[in-house]
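Below is one structure; the comments refer to it alone.
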Amino acid sequence: MPTTCVVGILWGDEGKGKVIDYLAAETDFVVRYGGGHNAGHTLVLPTGKLVLHLIPSGIVHPHTVNVIGNGVVVDPVHLVGEVDKLRQRGLDVRLGHNLLVSERAHVIVEAHRRQDLWAEAQRGDGKIGTTGRGIGPAYADRCGRVGLRMGDLLRPERLRDACAAFAAHKNAWFGPAGLAPVDAAALAAELLAAGETLRAGIVDAGAALRRAQADGKRILLEGAQGCLLDLEQGTYPYVTSSHASTGGAFPGTGLPPHAMRVVGIAKAYATRVGAGPFPTELKDALGDTLRIAGNEFGSTTGRPRRCGWFDTVAVRYSGAVSGASELVLTNLDVLKGFGPLRLCVAYRLPDGTRTTEFPAFDLEGAVPEFVDLPGFTEDVRAVRRFEDLPANARAYVQAIEQRTGIPVRTISVGPERQQVILR
Ligand code: IMP
């Protein structure tokens with residue numbers, strides 16, 4: 001199947017960057033379909049670590065065309081900076097050649113970031129813990145049909161009118177809410193300048209992708225965040241504002257919903273950044289040890305990630321929602337010395353019922369039911385064949401497969417490209 005979607009199975013940070021980098025070696029197009037620069041996809045290259053926020057992870061492979069699809073919300077000023085940063089690292093980033101940006105993608109502006117922080121402050125104890133990048137407000141404006149699109153940046157007259165309408169829309173309530181007003185002329189000037197820099201790359205990306213698909217090109221769709229942060233299928237309201245699961249891939253690219261291979265990425269344990277329910281969270285010293293062992297700090301915000309045990313209920317649900325036919329299990333090496341290894345197999349809900357289904361409500365009060373498996377103490381980072389893993393590590397992976405019903409085809413045992421076990 002020439003089209004593959006790589007999707008995070010939990011709350012993001014599953015190690016998608018490494019997997020996409022790995023798969024991109026045999027891919028023609030790598031496409032982001034949702035989210036924005038709230039994402040942080042980390043690649044460990046021979047030249048060192050590289051974190052990509054907006055530009056697809058295929059950019060490090062000279063033969064791939066990288067597409068920022070229409071479902072992504074783009075901060076053009078950030079994008080210009082990210083392109084510069086990659087060029088400084090010696091990467092050959094050529095707008096219109098190996099980097100395309102959909103003219104339909106909506107724009108994040110500074111007012112969205114301020115609105116994001118303001119909305120968080122209003123939430124008091126119910127904070128979502130957003131990344132503060134303006135993601136939610138930009139998507140809200142898209143739905144409200146007052147948003148600006150990347151193609152507007154190439155049309156000065158249209159852009160000035162759109163900025164005036166945008167500013168009027170914001171300023172009707174920004175002032176009373178204590179927010180500084182939006183200056184339409186300054187906004188238009190800033191966006192026009194960014195548009196000039198990005199001009200060659202702003203295209204009808206959907207048409208390019210449909211042509212590529214018709215020509216049999218290999219397309220890799222790079223999910224951002226994870227299924228449980230999906231606006232509809234995730235732990236609402238503690239979610240991001242896009243369709244992070246596979247379902248977002250079609251409206252987010254303009255590709256038709258043809259069959260594709262879906263690869264779900266799950267860590268060998270669970271993590272979450274920001275607020276929201278997390279039944280298997282370790283709130284004790286063991287959680288702190290896991291955070292240190294796995295270097296679990298956000299690649300976008302630097303925030304410490306919450307850590308916990310692998311949750312087969314959540315993974316089975318996400319696998320079903322996303323259509324994942326296989327799993328990549330990342331960070332198995334981190335679990336060295338953490339035995340016994342606990343797998344959550346059911347929840348006890350606040351009303352006393354036991355469930356193996358992932359609930360839409362009451363997850364905050366869900367008490368996980370675990371099965372315990374013996375751990376392993378060996379360093380597995382040099383292992384390249386499943387048979388060479390310690391018996392307890394193999395048994396752990398097999399228990400995950402059995403409990404989730406999804407085969408684990410690939411295991412990552414370290415951050416570097418070659419630290420992979422293929423089965
Ligand atoms: P927003 O996407 O900035 O609106 O944040 C909404 C929620 O999604 C917060 O809990 C964030 O921590 C989380 N989030 C957003 N992007 C990522 C990501 O790339 N990895 C992990 N969590 C994320």
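Look through 320, 268 and report the one residue that is away from the ligand (no atom under 16 Å from the Cβ), over 16 Å from the mean Cα position of the chain (by Cα) and surrounded by fewer than 22 Cβ atoms within 10 Å (Cβ to Cβ).
320
Which of the following residues is away from the ligand (no atom under 16 Å from the Cβ), not aromatic (Phe, Trp, Tyr) and not in a helix (DSSP H, G or I): 84, 92?
Just a single option satisfies the conditions, and that option is 92.
Would you mind listing the strands (runs of 3 or more DSSP E) fully within the stretch 7-53 where at least 3 residues are aromatic (Phe, Trp, Tyr) and over 9 Å from the mean Cα position of the chain (by Cα)?
Here the list is empty.
Counting just the residues of the stretch 61-93 that are over 27 Å from residue 190 (Cα atoms) and under 22 Å from the mean Cα position of the chain (by Cα), which one comes out surrounded by the fewest Cβ atoms within 10 Å (Cβ to Cβ)?
Filtering the stretch 61-93 for residues that are over 27 Å from residue 190 (Cα atoms) and under 22 Å from the mean Cα position of the chain (by Cα), the one surrounded by the fewest Cβ atoms within 10 Å (Cβ to Cβ) comes out as 61.
Only one of 58, 96 is over 20 Å from the mean Cα position of the chain (by Cα) and touching a residue at least 40 places away in the same chain (Cβ under 8 Å). Can you tell me which?
Only one candidate qualifies: 96.
Just to check your reading of the model, which residue among 349, 341 is farther than 26 Å from residue 16 by Cβ and aliphatic (A, V, I, L, M)? Working first, answer last.
Working: 341 fails: farther than 26 Å from residue 16 by Cβ.
Just a single option satisfies the conditions, and that option is 349.
When residue 178 is evaluated against the numbered criteria (1) at pLDDT 95 or above; (2) assigned to a loop (DSSP other than H, G, I, E, B); (3) under 21 Å from the mean Cα position of the chain (by Cα), which criterion, by number, is the only one it fails?
(3)
Does the stretch 150-168 hold any residues that are surrounded by 15 or more Cβ atoms within 10 Å (Cβ to Cβ) and more than 19 Å from residue 74 (Cα to Cα), and which are they?
164
Matching residues to (1) at pLDDT 95 or above; (2) within 15 Å of the ligand (Cβ to nearest atom); (3) in a loop (DSSP other than H, G, I, E, B); (4) under 18 Å from residue 338 (Cβ atoms):
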site: 228; (1), (2), (3), (4): yes, yes, no, no
site: 235; (1), (2), (3), (4): yes, yes, yes, no
site: 244; (1), (2), (3), (4): yes, yes, yes, no
site: 247; (1), (2), (3), (4): yes, no, no, no
site: 253; (1), (2), (3), (4): yes, no, yes, no
site: 290; (1), (2), (3), (4): yes, no, no, yes
site: 301; (1), (2), (3), (4): no, yes, yes, no
site: 307; (1), (2), (3), (4): yes, yes, no, yes
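The values are calculated or read from the model by the stated rules, or taken from the named source; none is laboratory data. Given the structure is predicted, the values throughout are model-derived calculations rather than measurements. Neighbour counts run over all protein chains shown; Cβ positions are idealised from the backbone, glycine included.
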